[in-house]
Amino acid sequence: MAVTVDHPTTDEHAPPPPARLFLTPGTAPGLLDGAWWPRSRDLSRELPALAERLDHSWGRVTRVTVNPAFWPVIPRKVPVTGHTVHVGWFANEQDPHKLLLFSCTADRLDLLVIPPETDPAAATRLMYAATTPGSLLTASRLMEDERTADDAAESRNREEEWESDGGTAPPAGNPTGPSRSAQGM
């Protein structure tokens with residue numbers, strides 16, 4: 001799979017925008033501890049903002065692991081203000097839609113990674129779904145449920161548009177177009 005990494009023309013010295021991160025409230029155990037919606041697929045650019053946000057509220061992030069399915073380049077180390085975060089990857093052992101973060105003091109966080117190109121409304125739904133206390137849905141299951149809901153909504157929208165343009169749905173059991181016998185089959 002060929003993936004291009006875009007390099008916007010911004011001031012390299014400007015602070016990165018804050019990480020788009022939701023964490024599960026309370027201590028109810030679940031399969032996910034939150035959701036992260038990066039702005040790109042460039043871990044070197046995205047991880048510092050995530051680590052800095054968590055360093056103050058959760059504990060210093062020391063390591064992260066990802067599945068390489070959606071990351072074109074996986075750096076071994078990423079510099080973060082005041083320290084370095086070590087990055088590892090697991091192709092078969094880790095859910096491709098999940099990021100694991102490790103800290104010296106607070107153990108581990110499992111985050112749903114929402115693809116950067118995700119529509120804001122869908123990303124919001126995914127963030128809330130991933131932060132439901134006690135949820136037993138995996139990261140991939142949440143993504144699949146969102147795709148299914150999106151496909152169903154798109155299908156309804158196409159049908160509504162077609163009917164508003166004067167079309168009508170064919171009666172059940174009646175094929176559209178000429179019958180096979182009329183086609184010479």
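The values are calculated or read from the model by the stated rules, or taken from the named source; none is laboratory data. Predicted model, so just to flag it, every value in this text is computed and none were measured. Don't worry about glycine lacking a Cβ; one is built from the backbone with ideal geometry, like all the others, and counts go over all protein chains shown. Areas reflect the complete protein model, heavy atoms only, side chains present, ligands, DNA and RNA absent. Shrake-Rupley method; radii C 1.70, N 1.55, O 1.52, S 1.80 Å.
In the set Pro96, Pro72, Pro116, which member is part of a loop (DSSP other than H, G, I, E, B), under 11 Å from the mean Cα position of the chain (by Cα) and touching a residue at least 60 places away in the same chain (Cβ under 8 Å)?
Residue meeting the stated conditions: Pro116.
Could you tell me which numbered condition Asp95 fails, if it satisfies all but one of (1) open to solvent by 20 Å² or more (accessible area, probe 1.4 Å); (2) under 27 Å from Pro15 (Cα atoms); (3) in contact with a helix residue (DSSP H, G or I) (Cβ under 8 Å, 6 or more places away or on another chain)?
(2)
Quick test of your reading of the structure: Phe102 fulfils all but one of (1) surrounded by fewer than 19 Cβ atoms within 10 Å (Cβ to Cβ); (2) assigned to a loop (DSSP other than H, G, I, E, B). Name the failing condition by number.
With respect to (1) surrounded by fewer than 19 Cβ atoms within 10 Å (Cβ to Cβ); (2) assigned to a loop (DSSP other than H, G, I, E, B), Phe102 is out only on (2).
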